[in-house]
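In what follows, a structure is listed as C-alpha cells, so that the remarks can point back to it.
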Amino acid sequence: MKISLSWLQTYLKTTQSPQELAKTLTRSGIEVKSIISTGSNLSNVVAAQILSSNPHPNADRLSVCIVDDGSGHQRQIVCGAKNYHVGDKVLLALPGAILPGGVKIKIGKLRGVESEGMMCSSQELGLGSGASGLHILPAETILGTEVKELFPSDTILELEVTPNRPDWLGHIGVAREAAAFGAGELIEKSFIYPLLSQQGPSTPRVMDADACPFYSVRFFDLIQVNHVSSLLSRRLESIGVRSINNIVDIANYVMMETGQPLHAFDAKKIQGSLTVRFARPGESLEALNGVTYHLRSSDLIISDEKGPQALAGILGGIASGVRESTESILLESAVFNPTLIRASACFHGLRTDASYRFERGSHAVLASKALERATSLIKECFQNVVIHEIMAIGSLPPTTLLPLRYDRVRNLLGVSLEDEEISSLLTKIGCTPCENGWRIPSWRLDLTREVDLIEEVIRLYGIERIPPRYFSIPSESSLADRYYDGMMLLRRRLVASGFCEVRTHALVAPEVSSSQTIRLRNPMGEEQSGLRTSLLPGLKAVIQYNLCQGAKGLKIFELGKVFVKCVENTSAQEESLSLALIMTGEAESSSWRGRIQRSLDLYDLKGALDALLPGKMTYHPSVRPLSETMAIAMDLFCDDLYCGYIGCISPEEARKLMLSGQNDALIVAQLELTPLLQVLHHGAWKKEGPLPIFPSITRDLAVVVEKSISYHALEEVLLAQQEPCLKKILPVDIFTDDTGEKISAQHKSLTLQLTFQDEHRTLTTQEVNIICERMIAVLKESFNLVIRS
C-alpha cells in the first residue's frame, strides 16, 4: 500500500522528515518498504488552451490544433489524441523541453505540417498512468502555469500492512497511528452531510444478514461525469491508482483515505431495487475489466431484477458502470463477510483494492462515515446535484467494552507503570475509559480480549524499554552434554562425507543373535525376543532392501546402543554406544559425461573414518581371529585406544545380500563410541580455519624403492622434516613389474603428489623446487631409492 505524504499531512500535523516518519511507523508495526519522491521538476511545460482543432491534411489519425500558452503567441500543434474538446486546457511541452526518458521537444514537421511543441499525457510527463490521451486540466487553471506548480513534488511511502490491522489501509488510519506514536498531532475532521427528504429508489434488500451485516446506498441526481484533472485525481495517481472519471475517482479517493471501499452504479441502468444475495446456478457477470465470470452459488453478488450487477466487495459489472452519459448514481457502502469475499476473489483470480480491504474486515461505523465523506466531495464537485437520503439495511454494532486489570498489566509485562500512565497510553489509540473497563474504538477490530489491550500498552510504551531480567541461570555443561555434542559432531561429519543415517530396531530375532545376547522375559514375539549385540545385522538388512529397490551405491551409518552380557559375571548386563558403517556399490552415479565408474572399496571407508577425527585414527593389521563373515579386517585405534575394526565382508556372505549380477564389495566398520568421545572431550574439537586465499602448487614425485618399503614409511620421513609449506601428501600411483622388463622385480614404483601452500603469500616456482630438492635428498639418504624422470 502507498501513502502520499502531502495527503497524510491533511490529517497529521507533523514536523518529521519522511525518514523520521518512516522510523516512527516502523516502531508502531507498519513496515516501510520504500520512500519514493514524485511530482514534476520539468521546465518548459505549461498549461495551454486548445482554441481550434482541424483534421490533418495528410493523415487521418492526426489533428492540427491552435493553442494559447498564455504568452500571447498562439502555437500550432499536431496531435494524435482524441479525448479532448476545443476549449479544454492541457499540458503543452514547448520547444526546448526535455521529457522523462530523454525525449527532446523541438519545432518540426509531422506529415508536412509544422508543429511547435507537443500536448502531453500524464504518462509522458511521468505523472502516473492516468486516462488514455491528453491530460485534461481543470477549467480554472491559469494559462502559462508551469507543470511543477500544478504538480508539486511529493513523497510516497510504500507500506507493508499486517492482516490484523485493516484500519491502516487508509491515510486517516496511518495518520492516527503516527500521532499515537508521537509523530505529530492528529487533525480531526467531520464530514457529516444532513439527510434530505427527497424520495429515492426503493430500499435495497439483503437476503443473508451473516453475509452482509450492513448495507447502505445513497441516490445522487443531476451529476455530470467527466475526466478532468483535479486534486483528487492527482493524489490518486501519485499512489498508483489510475484516474477514470470524477465519480469513480471520488469513490477511490474515499477508499484510500478511510480504508472503506465504495461502489457507484449508474442509477438509470438499475431496474428495481438492489439486492444482496448469493448467485443462482447459471448466472454470470460481465465485469468492468471486460471479463465474463461464471458465478458459483457461494459467490455473493449485488443484483437487480435483470440479474447480477456486481461481485460483492470485489468488482462491479460493466452494464451498470459509471460512464460519461451517466446522470444519476447509486453510491454503495457496505460491510461484507471477509471469508466470503476472500473465497470468491481467490476462485475467480480477482485481487482488487476493494477485496484486499474487505478480506481484512470492515465495520458499519466506517461504512457510514465513508458514505458521508463521499457525499461532501460530490457536493463540492457538483453544485446543482440533488442528494437523497441514505437507505440502509442493518444497524450499527454495539460498542465493544473490555475489562483491564492494571496489576495484570504490570505482572505480565514486568514493567512498573502507574495506573495513570497506562490510561494515557490507551487514550492515544482512541480507547476511552468507562465504568466496566475500556470502550474500544470502532476501527480497532483486532482488540477483542484483555491481553490485546495489554499488548497495546507495551507497543506504545516501547518493548525496547523493558529491562532485561534473568529468571534462570544456565548450569555448567555436564559430561552427558559433552557426549551428546560429540555424537552430533560425528553425525554431521559422516553426513558431510556422503553417508546417510539410518535407525534399526534394537530388538532382534534369536538367529541373528549371539551367545551373548540378552533375552527378554516377556517378548512381543519370537522376532523381537533379544537385544542386539551389534549394529551390523540391521544395516545389512537395510543394504539388501535398498539394493532390491534399484540403488546403485549406498553409504549408510547408524549410531546407537548395543547390549552384551559381561563375560566375568553372566548375571550382569552391559550396554554401550556403538557406531557402525557400511558401504557398497558405485562410487559415483552414472553420468552422460562418460565418467569412468568404479566400486567403493576399503580406502573410501578409511577416508571417511579419517575425516571423523583428523590425525587421530591409526590402523594396524588385526591380531584377532576373523569371523566367518569377514574376508579381511584391520584394527582401528584412536589416540592409541582400541575402538573397533574395519574390513570387507567375505564374498560368500556378501552374495547372500546382493542380487544376481552384483559383485561389488561390502565394506563395513564397527566402532565403540566411548574412546572417540573421550578424544573429543580432551580437545579434539579442532575447527578448520578460513579458506586459504593464496594458490597452492602441486608436484608429482615418482620414486623406485624396494618392495619391502611401505608408503607409510616414506610419508613419515617426509613429514618429519616439518616443512612449513608442505600441506598434503597423497599417493597417486603404484607400479610393479614381475617380469623385470621395465623395473626390477624386487622393486616398485610409487608416485606421490605433494601440495605446497603459504598462508601469507604466493609461493614461487623456485621456492618449491628448492623444497623438493631437500625432500628428495632426505629420501635418498633414508631409503637409497631412485628418482624416476
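The values are calculated or read from the model by the stated rules, or taken from the named source; none is laboratory data. Please read these numbers as outputs of a predicted model, since none were measured by experiment. Here Cβ is always computed from backbone atoms with ideal geometry, including for glycine, and neighbour counts include all displayed protein chains. For accessibility, only protein heavy atoms count, side chains too; no ligands or nucleic acids. Shrake-Rupley method; radii C 1.70, N 1.55, O 1.52, S 1.80 Å.
Quickly run through region 112-123 and pick out the residues that are open to solvent by 80 Å² or more (accessible area, probe 1.4 Å) and modelled with pLDDT under 90.
Across region 112-123, the qualifying residue is only GLN123.
Restricting attention to region 475-496, which residues are exposed (fewer than 12 other Cβ atoms within 10 Å of the Cβ) and in a helix (DSSP H, G or I)?
LEU479, ALA480, ASP481, MET488, ARG492, ALA496
Return the pair list, or none, for Cβ contacts closer than 9 Å from residues in region 482-503 that are farther than 21 Å from LEU600 by Cα to residues that are crowded, with 17+ Cβ neighbours inside 10 Å and charged (D, E, K, R), at least 6 apart or on different chains.
Hits for this filter: ARG503/GLU558.
Quick test of your reading of the structure: SER298 fulfils all but one of (1) in contact (Cβ under 8 Å) with a residue 40 or more places away in the chain; (2) surrounded by fewer than 23 Cβ atoms within 10 Å (Cβ to Cβ); (3) under 21 Å from PHE219 (Cβ atoms). Name the failing condition by number.
With respect to (1) in contact (Cβ under 8 Å) with a residue 40 or more places away in the chain; (2) surrounded by fewer than 23 Cβ atoms within 10 Å (Cβ to Cβ); (3) under 21 Å from PHE219 (Cβ atoms), SER298 is out only on (3).
Which one is most open to solvent (accessible area, probe 1.4 Å) among residues in region 48-104 that are of a type in the set (Lys, Arg) and in a strand (DSSP E or B)?
For region 48-104, the residue satisfying everything is ARG61.
When you go through LEU718, LEU671 one by one, which is the residue that is touching a residue at least 60 places away in the same chain (Cβ under 8 Å) and either within 29 Å of LEU490 (Cβ to Cβ) or open to solvent by 100 Å² or more (accessible area, probe 1.4 Å) (or both)?
So the residue among LEU718, LEU671 that is touching a residue at least 60 places away in the same chain (Cβ under 8 Å) and either within 29 Å of LEU490 (Cβ to Cβ) or open to solvent by 100 Å² or more (accessible area, probe 1.4 Å) (or both) is LEU671.
Looking at region 335-355, is at least one residue open to solvent by less than 10 Å² (accessible area, probe 1.4 Å), modelled with pLDDT of 90 or more and not in a helix (DSSP H, G or I)?
yes
Restricting to region 134-149, what's the tally of residues that are out of contact with any Gly (no Cβ under 9 Å at 6 or more places or on another chain) and open to solvent by 30 Å² or more (accessible area, probe 1.4 Å)?
Going through region 134-149 one residue at a time, the tally reaches 3.
The conditions are (1) within 17 Å of ILE787 (Cα to Cα); (2) open to solvent by 30 Å² or more (accessible area, probe 1.4 Å), and THR751 fails exactly one of them. Which is it?
Single failed check for THR751: (2).
So, GLU741, is that one open to solvent by 60 Å² or more (accessible area, probe 1.4 Å), assigned to a loop (DSSP other than H, G, I, E, B) and out of contact with any strand residue (DSSP E or B) (no Cβ under 6 Å at 6 or more places or on another chain) or not?
Yes; evaluated as a whole, the condition is true for this residue.
Filter region 7-47 down to the residues that are among the small types (Gly, Ala, Ser), within 25 Å of TYR253 (Cβ to Cβ) and open to solvent by 50 Å² or more (accessible area, probe 1.4 Å) and list them by number.
Scanning region 7-47 gives a single hit, SER37.
Would you please list the contacts, defined by Cβ atoms under 8 Å and residues six or more apart or on different chains, that run from a residue in region 349-364 that is touching a residue at least 12 places away in the same chain (Cβ under 8 Å) and within 15 Å of TYR215 (Cβ to Cβ) to a residue that is open to solvent by less than 30 Å² (accessible area, probe 1.4 Å) and part of a helix (DSSP H, G or I)?
Close Cβ pairs (under 8 Å, with a partner that is open to solvent by less than 30 Å² (accessible area, probe 1.4 Å) and part of a helix (DSSP H, G or I)) amount to ALA354/MET255; PHE358/ILE341; SER362/PRO166.
Among the residues of region 268-291, how many are over 40 Å from the mean Cα position of the chain (by Cα), closer than 30 Å to ARG242 by Cα and of a type in the set (Ser, Thr, Tyr)?
Summing the residues that are over 40 Å from the mean Cα position of the chain (by Cα), closer than 30 Å to ARG242 by Cα and of a type in the set (Ser, Thr, Tyr) in region 268-291 gives 1.
Looking at the structure I just gave you, is GLN746 surrounded by 12 or more Cβ atoms within 10 Å (Cβ to Cβ) and on the phi < 0 side of the Ramachandran plot?
It is false that GLN746 is surrounded by 12 or more Cβ atoms within 10 Å (Cβ to Cβ) and on the phi < 0 side of the Ramachandran plot.
Could you check region 358-373 and list, in sequence order, the residues that are out of contact with any Ser or Thr (no Cβ under 7 Å at 6 or more places or on another chain), modelled with pLDDT under 95 and assigned to a helix (DSSP H, G or I)?
If the condition is that a residue be out of contact with any Ser or Thr (no Cβ under 7 Å at 6 or more places or on another chain), modelled with pLDDT under 95 and assigned to a helix (DSSP H, G or I), then ALA364, GLU372 are the ones that fit.
Might you let me know whether region 604-615 holds any residue that is at pLDDT 85 or above and part of a strand (DSSP E or B)?
No: region 604-615 contains no residue that is at pLDDT 85 or above and part of a strand (DSSP E or B).
Just give me the residues in region 526-535 being buried (at least 16 other Cβ atoms within 10 Å of the Cβ) and assigned to a helix (DSSP H, G or I), in sequence order.
Within region 526-535, none qualify.
Could you check how many residues of region 435-474 are surrounded by 15 or more Cβ atoms within 10 Å (Cβ to Cβ) and either of a type in the set (S, T, N, Q) or within 30 Å of SER576 (Cα to Cα) (or both)?
Residues in region 435-474 being surrounded by 15 or more Cβ atoms within 10 Å (Cβ to Cβ) and either of a type in the set (S, T, N, Q) or within 30 Å of SER576 (Cα to Cα) (or both): 1 in total.
Do we have any residue at all in region 142-154 that's touching a helix residue (DSSP H, G or I) at 6+ places or on another chain (Cβ under 8 Å), of a type in the set (D, E, K, R) and either within 16 Å of VAL228 (Cβ to Cβ) or part of a strand (DSSP E or B) (or both)?
yes
Which ones in region 424-434 are surrounded by 13 or more Cβ atoms within 10 Å (Cβ to Cβ) and farther than 11 Å from GLU456 by Cα?
GLY430
For region 536-554, state whether one or more residues are among the β-branched types (Val, Ile, Thr) and part of a loop (DSSP other than H, G, I, E, B).
For region 536-554, residues among the β-branched types (Val, Ile, Thr) and part of a loop (DSSP other than H, G, I, E, B): absent.
Can you list residue pairs whose Cβ atoms sit under 9 Å apart, with the first residue in region 517-531 being under 16 Å from VAL564 (Cα atoms) and the second being among the basic types (Lys, Arg)? Count only pairs 6 or more apart in sequence or on different chains.
THR517/ARG532; THR517/LYS565; ILE518/LYS565; SER529/ARG519; GLY530/ARG519; LEU531/ARG519; LEU531/LYS561
In the list VAL732, VAL705, which residue meets the criterion of being in a strand (DSSP E or B), touching a His at 6+ places or on another chain (Cβ under 9 Å) and not basic (Lys, Arg)?
After applying the criteria, what remains is VAL705.
Could you list, ordered by first residue, the pairs with Cβ atoms under 8 Å in which the first is in region 155-171 and closer than 25 Å to ALA364 by Cα and the second is aromatic (Phe, Trp, Tyr) and in a helix (DSSP H, G or I), at least 6 apart or interchain?
VAL161/TRP168; THR162/TRP168; LEU169/TYR356; HIS171/TRP7
Hey, can you tell me all the residues within region 723-738 that are open to solvent by 80 Å² or more (accessible area, probe 1.4 Å) and among the acidic types (Asp, Glu)?
ASP738, the sole residue that qualifies.
When you scan region 226-261, how many residues do you find that are closer than 20 Å to GLU158 by Cβ and open to solvent by 40 Å² or more (accessible area, probe 1.4 Å)?
The total comes to 3.
LEU754 passes all but one of (1) in contact (Cβ under 8 Å) with a residue 24 or more places away in the chain; (2) over 29 Å from TYR619 (Cα atoms); (3) of a type outside the set (Ser, Thr, Tyr); (4) in contact with a Ser or Thr (Cβ under 9 Å, 6 or more places away or on another chain); which number fails?
Failed condition: (2).
Could you please find all residues in region 392-420 being free of Cβ contacts under 8 Å to residues at least 12 places away in the same chain and part of a helix (DSSP H, G or I)?
Answer for region 392-420, where residues must be free of Cβ contacts under 8 Å to residues at least 12 places away in the same chain and part of a helix (DSSP H, G or I): ASP407, ARG410, ASN411, GLU420.
So is GLY170 surrounded by fewer than 22 Cβ atoms within 10 Å (Cβ to Cβ) and not hydrophobic (A, V, I, L, M, F, W, C) or not?
Criteria not met by GLY170.
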